[in-house]
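**Q** Before I ask anything, let me first share the structure, which is written out below as structure tokens.
The values are calculated or read from the model by the stated rules, or taken from the named source; none is laboratory data. Just so it is clear, the model here is predicted, and its values are computed rather than measured. So basically every Cβ, Gly included, is an ideal-geometry build from the backbone, and we count neighbours across all protein chains shown.
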Amino acid sequence: MHDLPTPEGQTAMIGIGEYRVGSYPMMTIGLGSCIGLTLYDDTVKVGAMVHIMLPDSAGRTDRPGKYADTAIDLLLKELTKLGCKNRSLVAKMAGGASMFEYFGANLNIGERNAVSVRKWLKENNIKLAAEDVGGKVGRSVTFTPSNRGKITVRRADGTNCEL
Amino acid sequence: MKLSAVQTDAMQELGNIGAAHAATTLSQMVGSTVQMSVPGIKAVDIADLGKYMGEESAAMVVFELQGEIQHGGFVIFYITRESAIRLTNTMLGLTEMNRPMNEMDESALLEVGNIMVSAFLDATAELLGFVMLPSPPAMTIDMVHAAMSSLIAGMGDDTDEVLLFSTELTCEEHKIDSDIIMMPEAKTLAHIIELLENMMKPA
């Protein structure tokens, strides 16, 4: 279900824990504490996007895209198959908000997600070129590898930015 | 967990009773008739959450289920932005629709959510003989998917599928469209099902 090719011209919607690899446009909508992470290689002109929900897989392997540690491993494997090198990959991320401050069990999942992503990127010597994380606001992210890896973030408060 | 047809019926009945009480309180607050839908039950894989809840903005007043259980899941009073303004206009005696939401709206919505969810949980507690108390409310006006996925990420167990029990409450006179959504954590759900099944056993 994760690696179906997307027909030309269509945008692939990436749900929680899912990922895509290719040069077609990709999108994650409604990121709260989740993180939309993209990796892009300008020499090969392909990229990957994943919708991460939690910071740590704690050994779970059935949904690698759901956790920061396994998601980064997975994307690197897939991108390597397409000829990408770690040193030419550039990462960007958005999300990691704290939508509800009150709930105990919810504490800082967004922030912990961002910290974990940064850690695993560093571990793999991947450059994190830009990020739009934190705050209390939901975000939707579109990623267009064919347009030099362009990322557009639309925030729930009506502001937009490019990464 | 997968629910059998009988379990689904029982949960629907529970939702029906809870939502009927919530509808009564809403009806009293707006001074008009409130209709309710048949409660819907959906098992949703987290990867597909975006098919049910998108990036549209809505107001959500969220309560965690507490009491005899800790971190039992959530009950959410969900109302679209337009309906939220109509609702608070009705309550505050205002008419202007094209205005930004302000603190007055937010505290009014918080209060409405509080009253409705308390009524919902009182009724279900009475039926089940099992007390689920609402936590103090938290509110957000934001993308629905962003809010709901954040709640799921914070649920006690690492979950891949959630059960959503939702009942639509509408007031035709004031064009108010809202939902009460219950999203129990797996253990809470199992316990509720067990209580319901015990009630249905012949004495």
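**Q** For the stretch A:46-90, give me the residue count where each residue is farther than 22 Å from B:ALA47 by Cβ and outside any loop (DSSP other than H, G, I, E, B).
**A** Just the residues of the stretch A:46-90 that are farther than 22 Å from B:ALA47 by Cβ, to begin with: A:46, A:80-90.
Add one more test, that the residue is outside any loop (DSSP other than H, G, I, E, B), and what stays is A:46, A:80-81, A:86-90.
Of the residues in the stretch A:46-90, 8 are farther than 22 Å from B:ALA47 by Cβ and outside any loop (DSSP other than H, G, I, E, B).
The rows are residues; the columns are (1) over 26 Å from B:THR140 (Cα atoms); (2) within 14 Å of chain B (Cβ to nearest Cβ); (3) modelled with pLDDT under 95.
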| residue | (1), (2), (3) |
| --- | --- |
| A:GLU8 | yes, no, yes |
| A:THR11 | yes, yes, yes |
| A:TYR24 | yes, no, yes |
| A:TYR40 | yes, no, no |
| A:HIS51 | no, yes, no |
| A:ASP62 | yes, yes, yes |
| A:TYR67 | no, yes, no |
| A:ILE72 | yes, no, no |
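**Q** Here is a list of conditions, (1) among the acidic types (Asp, Glu); (2) within 14 Å of another protein chain (Cβ to nearest Cβ); (3) more than 13 Å from the chain's Cα centre (by Cα), and B:GLU13 meets all of them except one; can you say which number that is?
**A** Just one mismatch for B:GLU13, condition (2).
**Q** A further question on this structure: Quick one: which residue in B:ILE180, B:ILE193, B:ILE141 is in a strand (DSSP E or B) and more than 12 Å from every other protein chain (Cβ to nearest Cβ)? Break it down into steps so the answer makes sense when it comes.
**A** Numbers: B:ILE193 fails: in a strand (DSSP E or B); B:ILE141 fails: more than 12 Å from every other protein chain (Cβ to nearest Cβ).
Residue meeting the stated conditions: B:ILE180.
**Q** So, one more: Starting from residues that are within 11 Å of chain A (Cβ to nearest Cβ) and assigned to a loop (DSSP other than H, G, I, E, B), keep the ones in the stretch B:68-94 and report whichever is nearest to the chain's Cα centre (by Cα).
**A** B:GLY72
**Q** For the stretch B:148-156, state whether one or more residues are of a type in the set (S, T, N, Q), touching a residue at least 40 places away in the same chain (Cβ under 8 Å), within 9 Å of another protein chain (Cβ to nearest Cβ) and not in a helix (DSSP H, G or I).
**A** No, the stretch B:148-156 contains no residue that is of a type in the set (S, T, N, Q), touching a residue at least 40 places away in the same chain (Cβ under 8 Å), within 9 Å of another protein chain (Cβ to nearest Cβ) and not in a helix (DSSP H, G or I).
**Q** Answer yes or no: is there a residue in the stretch B:108-131 that is within 17 Å of the chain's Cα centre (by Cα) and at the interface with another protein chain (Cβ under 8 Å from one of its Cβ atoms).
**A** no
**Q** For the list (1) part of a loop (DSSP other than H, G, I, E, B); (2) closer than 20 Å to B:MET183 by Cβ; (3) within 14 Å of chain A (Cβ to nearest Cβ), I need the number of the one condition that B:PRO100 fails.
**A** Unmet for B:PRO100, out of (1) part of a loop (DSSP other than H, G, I, E, B); (2) closer than 20 Å to B:MET183 by Cβ; (3) within 14 Å of chain A (Cβ to nearest Cβ): (2).
**Q** Out of (1) of a type outside the set (Phe, Trp, Tyr); (2) outside any loop (DSSP other than H, G, I, E, B); (3) closer than 24 Å to A:GLY158 by Cβ, the odd one out for B:ALA19 is which?
**A** With respect to (1) of a type outside the set (Phe, Trp, Tyr); (2) outside any loop (DSSP other than H, G, I, E, B); (3) closer than 24 Å to A:GLY158 by Cβ, B:ALA19 is out only on (3).
**Q** Regarding B:VAL44, is this residue of a type outside the set (Gly, Ala, Ser), farther than 17 Å from B:ALA123 by Cα and modelled with pLDDT under 90?
**A** Judged against the criteria, B:VAL44 is not a match.
**Q** May I ask you to say which residue of B:LEU110, B:LEU65, B:LEU121 is touching a residue at least 40 places away in the same chain (Cβ under 8 Å), in contact with a Pro (Cβ under 8 Å, 6 or more places away or on another chain) and not in a helix (DSSP H, G or I)? Full working, then the answer.
**A** Working: B:LEU110 fails: not in a helix (DSSP H, G or I); B:LEU121 fails: not in a helix (DSSP H, G or I).
Being touching a residue at least 40 places away in the same chain (Cβ under 8 Å), in contact with a Pro (Cβ under 8 Å, 6 or more places away or on another chain) and not in a helix (DSSP H, G or I) holds for just one of B:LEU110, B:LEU65, B:LEU121, which is B:LEU65.
**Q** So which residues in the stretch A:11-45 are closer than 18 Å to B:ASP45 by Cβ and part of a loop (DSSP other than H, G, I, E, B), if there are any at all?
**A** A:ILE14, A:GLY15, A:ILE16, A:GLY17, A:GLU18, A:GLY32, A:CYS34, listed by residue number.
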